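Student: Could you have a look at this structure, given as structure tokens, before my questions?
The values are calculated or read from the model by the stated rules, or taken from the named source; none is laboratory data. What you are looking at is a predicted structure, and each value in this text was computed from that prediction instead of being measured. With ideal geometry, Cβ positions are generated from the backbone for all residues, glycine too; neighbour counts draw on all protein chains shown.
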Amino acid sequence: MKSKVTRLAALATTIVLAASLAFAAPKALKTSAKDVPPFPGTLLNARFVYVASYDGDLFNPNLLPEDRQAIVTVQNAMQKWGKFTLVYEPRLADVVILVTSRPSEDILAVYDAHDLPDGQYLWRMMGRSGLQPSETPLITNLEKAFEQAAAAK
């Protein structure tokens, strides 16, 4: 009898915990044009982009696989977009994009390459599943912000 009560209590606790985690998880990223932060006009003339993670570049052996995949995803998206030329050394870049991919949230931030390593990000977005290989809403929002800034210029 005691074991049935213990099992029932454990099951109820598990259900309550799972339900609270489901409600606490960040929602998938869906932003409208008005929710996208403006892209800085100072970077509109940039031509060369370098993509890395906050924890290191693509070739860092200590880089987490999720971050390595996020770098590759962003590099592929940048090449497909065609607004920037991809470079593989930060000293050759005008713009540096730093990414982080975690199960809870992805981050994409744009920096002026000449202000690194101490510079402040100039544009940043975060969201759950924002840098997945199949869908990249953070890159889509970067493209929207860039196009809006270019049209306003």
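Student: When residues of the range 69-83 are filtered for being farther than 14 Å from Thr100 by Cα and either basic (Lys, Arg) or out of contact with any Ser or Thr (no Cβ under 6 Å at 6 or more places or on another chain) (or both), how many remain?
Tutor: The qualifying residues number 7.
Student: Pairs needed: first member in the range 45-59, without any contact (Cβ under 8 Å) to a residue 12 or more places away in the chain; second member anywhere, surrounded by 14 or more Cβ atoms within 10 Å (Cβ to Cβ); C-beta distance under 7 Å; at least 6 residues apart or different chains.
Tutor: Correct list of pairs: Gly56/Leu63.
Student: Could you please let me know if Asp94 is in contact with a Phe, Trp or Tyr (Cβ under 7 Å, 6 or more places away or on another chain), farther than 15 Å from Ser129 by Cα and touching a residue at least 40 places away in the same chain (Cβ under 8 Å)?
Tutor: Against the criterion (in contact with a Phe, Trp or Tyr (Cβ under 7 Å, 6 or more places away or on another chain), farther than 15 Å from Ser129 by Cα and touching a residue at least 40 places away in the same chain (Cβ under 8 Å)), Asp94 qualifies.
Student: Out of the range 81-127, which residues are among the basic types (Lys, Arg), under 17 Å from the mean Cα position of the chain (by Cα) and either exposed (fewer than 13 other Cβ atoms within 10 Å of the Cβ) or farther than 21 Å from Asn45 by Cβ (or both)?
Tutor: Arg102
Student: Here is a further query. Looking at (1) under 21 Å from Val36 (Cβ atoms); (2) surrounded by 14 or more Cβ atoms within 10 Å (Cβ to Cβ); (3) charged (D, E, K, R), find the lone condition where Lys153 falls short.
Tutor: For Lys153, the failing item is (2).
Student: Are any residues in the range 59-70 surrounded by 15 or more Cβ atoms within 10 Å (Cβ to Cβ) and over 15 Å from Ala109 (Cβ atoms), and if so, which ones?
Tutor: Leu63, Leu64, Glu66, Arg68, Gln69
Student: Looking only at residues that are without any contact (Cβ under 8 Å) to a residue 12 or more places away in the chain and assigned to a loop (DSSP other than H, G, I, E, B) in the range 104-123, which one is nearest to Tyr54 (Cα to Cα)?
Tutor: The residue in question is Pro117.
Student: On to the next question. If Thr73 meets every condition in (1) assigned to a helix (DSSP H, G or I); (2) hydroxyl-bearing (Ser, Thr, Tyr); (3) surrounded by fewer than 18 Cβ atoms within 10 Å (Cβ to Cβ) apart from one, which number is that one?
Tutor: Unmet condition: (3).
Student: Just checking, does the range 130-143 include any residue being at pLDDT 90 or above, polar (S, T, N, Q) and surrounded by 19 or more Cβ atoms within 10 Å (Cβ to Cβ)?
Tutor: yes
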